[in-house]
Ligand SMILES: *Cc1c(COP(=O)(O)O)cnc(C)c1O
């Protein structure tokens, strides 16, 4: 039986993408070669990279003046690359969870960091609002969706300085106005593809202003000049991202998936709020549509709940070790049907 995969990352991918990806391992585009053994400098692979970048541009409506890169190293490498490339003296960060914290740690190695707002006072259960953004910082860094705690920014701050966003776990889940951002990055393995590729969308005019010498692999400009192939790219991961983005395009793009994601999140949270046995952990207005975190009021029933979930074919709902309880990740590829199965199992606990 195919499982109902609520895992937070690597997350669920569309069935048709997995089939195409599997076929390409044996024979990629009738080349008689596997996608795993083909040269990244071949015209066949160059077309994959080009198509993947073009799909990102189309789906997110990326304006002129922005470059699209598929890099190695995960979002965690971006925590460092962002300050290496953009931090001259001082940067501002919003602290909304573990990932934001790691980004702050890396920035502090290269300059002054001002944490403008934090939700650490309430275990990251809300998104801070109403902070004032100084104009003397090189950029403001935010995390659009907090994968571990399950909070999400449903709107973005009006920002007088370049806005940098870690969108690892909600990119392509909804339309975003890229022109409001200086830089967006995302590890692929939550909502875009397999682990190994990291998407970066960067406004070119922001680069080259720190006066700092940057190691080649950490320098966005080097990757731009290399057309995202300065070194061997994570070829297979980029290929599967390309397939997933094609799937999304055929579905109607981000505005179509936005509606489906809203439907899934509404179905889940409405049910959660009806059930006295459970409670959500995040301020209602800041609840994530991608990672729904919740608790059983009677924690002695957790084992029984997990057992029933397992019998229903549900996997990946154990919460992160830092937040406890449960987390249902409702990424793009998760069908509403899986959410219904989870809600039915939850209903038996009441
Ligand atoms: C998973 C995640 C990361 C870390 O990604 P890696 O690719 O493992 O480095 C960073 N930020 C967010 C929001 C995430 O969900």
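Taking the conditions exactly as written (within 16 Å of the ligand (Cβ to nearest atom) and either buried (at least 16 other Cβ atoms within 10 Å of the Cβ) or more than 19 Å from the chain's Cα centre (by Cα) (or both)), does residue 49 satisfy them or not?
no
Yes/no matrix, rows are residues, columns are (1) outside any loop (DSSP other than H, G, I, E, B); (2) away from the ligand (no atom under 16 Å from the Cβ); (3) farther than 18 Å from residue 172 by Cβ; (4) touching a helix residue (DSSP H, G or I) at 6+ places or on another chain (Cβ under 8 Å):
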position: 2; (1), (2), (3), (4): no, yes, yes, yes
position: 8; (1), (2), (3), (4): no, no, no, no
position: 13; (1), (2), (3), (4): no, no, no, yes
position: 23; (1), (2), (3), (4): yes, yes, yes, no
position: 28; (1), (2), (3), (4): no, yes, yes, yes
position: 31; (1), (2), (3), (4): no, yes, yes, yes
position: 37; (1), (2), (3), (4): no, yes, yes, no
position: 40; (1), (2), (3), (4): no, yes, yes, yes
position: 45; (1), (2), (3), (4): yes, yes, yes, yes
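Looking only at the stretch 150-180, how many residues end up being crowded, with 24+ Cβ neighbours inside 10 Å and either over 24 Å from residue 196 (Cα atoms) or in contact with a helix residue (DSSP H, G or I) (Cβ under 8 Å, 6 or more places away or on another chain) (or both)? Don't jump to the end; show me each part of the working.
First, pick out the residues of the stretch 150-180 that are crowded, with 24+ Cβ neighbours inside 10 Å: 150-152, 164-173.
With either over 24 Å from residue 196 (Cα atoms) or in contact with a helix residue (DSSP H, G or I) (Cβ under 8 Å, 6 or more places away or on another chain) (or both) added as a condition, the list becomes 151-152, 164, 166, 168, 172-173.
The qualifying residues number 7.
From the list 56, 113, exactly one residue is in the same structural domain as residue 239 (by TED's automatic domain parsing), without any contact (Cβ under 8 Å) to a residue 24 or more places away in the chain, buried (at least 20 other Cβ atoms within 10 Å of the Cβ) and at negative phi. Which is it?
Selected residue: 113, the only one of 56, 113 that is in the same structural domain as residue 239 (by TED's automatic domain parsing), without any contact (Cβ under 8 Å) to a residue 24 or more places away in the chain, buried (at least 20 other Cβ atoms within 10 Å of the Cβ) and at negative phi.
Could you run through the stretch 196-208 and say how many residues are closer than 28 Å to residue 177 by Cβ, in contact with a helix residue (DSSP H, G or I) (Cβ under 8 Å, 6 or more places away or on another chain) and touching a residue at least 24 places away in the same chain (Cβ under 8 Å)?
Qualifying residue count, the stretch 196-208: 9.
State yes or no: is residue 305 touching a residue at least 12 places away in the same chain (Cβ under 8 Å), more than 22 Å from residue 123 (Cα to Cα) and buried (at least 22 other Cβ atoms within 10 Å of the Cβ)?
Answer is no for this residue.
I'd like the full set of residues that are away from the ligand (no atom under 13 Å from the Cβ) and buried (at least 23 other Cβ atoms within 10 Å of the Cβ), limited to the stretch 120-137.
First, pick out the residues of the stretch 120-137 that are away from the ligand (no atom under 13 Å from the Cβ): 120-123, 125-137.
Passing the criteria: 127, 137.
Given the criteria buried (at least 18 other Cβ atoms within 10 Å of the Cβ), under 20 Å from the mean Cα position of the chain (by Cα) and over 24 Å from residue 64 (Cα atoms), does residue 235 qualify? Walk me through it before giving the result.
Working: buried (at least 18 other Cβ atoms within 10 Å of the Cβ): yes; under 20 Å from the mean Cα position of the chain (by Cα): yes; over 24 Å from residue 64 (Cα atoms): yes.
So residue 235 passes the test.
Looking only at the stretch 269-291, which residues are farther than 23 Å from residue 12 by Cα, in a helix (DSSP H, G or I) and touching a residue at least 24 places away in the same chain (Cβ under 8 Å)?
285, 286
Taking the stated definitions as given, is residue 298 over 30 Å from residue 248 (Cβ atoms) and surrounded by fewer than 17 Cβ atoms within 10 Å (Cβ to Cβ)?
On the way: over 30 Å from residue 248 (Cβ atoms): yes; surrounded by fewer than 17 Cβ atoms within 10 Å (Cβ to Cβ): yes.
Yes; evaluated as a whole, the condition is true for this residue.
With (1) within 21 Å of residue 154 (Cα to Cα); (2) in a helix (DSSP H, G or I) as the list, and residue 294 as the residue in question, which single condition is left unmet?
Going through the list (1) within 21 Å of residue 154 (Cα to Cα); (2) in a helix (DSSP H, G or I), residue 294 breaks only (2).
Among the residues of the stretch 65-106, write down those that are part of a strand (DSSP E or B) and either within 12 Å of the ligand (Cβ to nearest atom) or within 14 Å of residue 214 (Cβ to Cβ) (or both).
Listed by number, the list holds a single entry, 71.
The values are calculated or read from the model by the stated rules, or taken from the named source; none is laboratory data. Keep in mind that this is a model prediction, so the values were computed, not measured. A quick note on method: Cβ atoms are made from the backbone with ideal geometry, for glycine too, and the neighbour counts reach across all protein chains shown.
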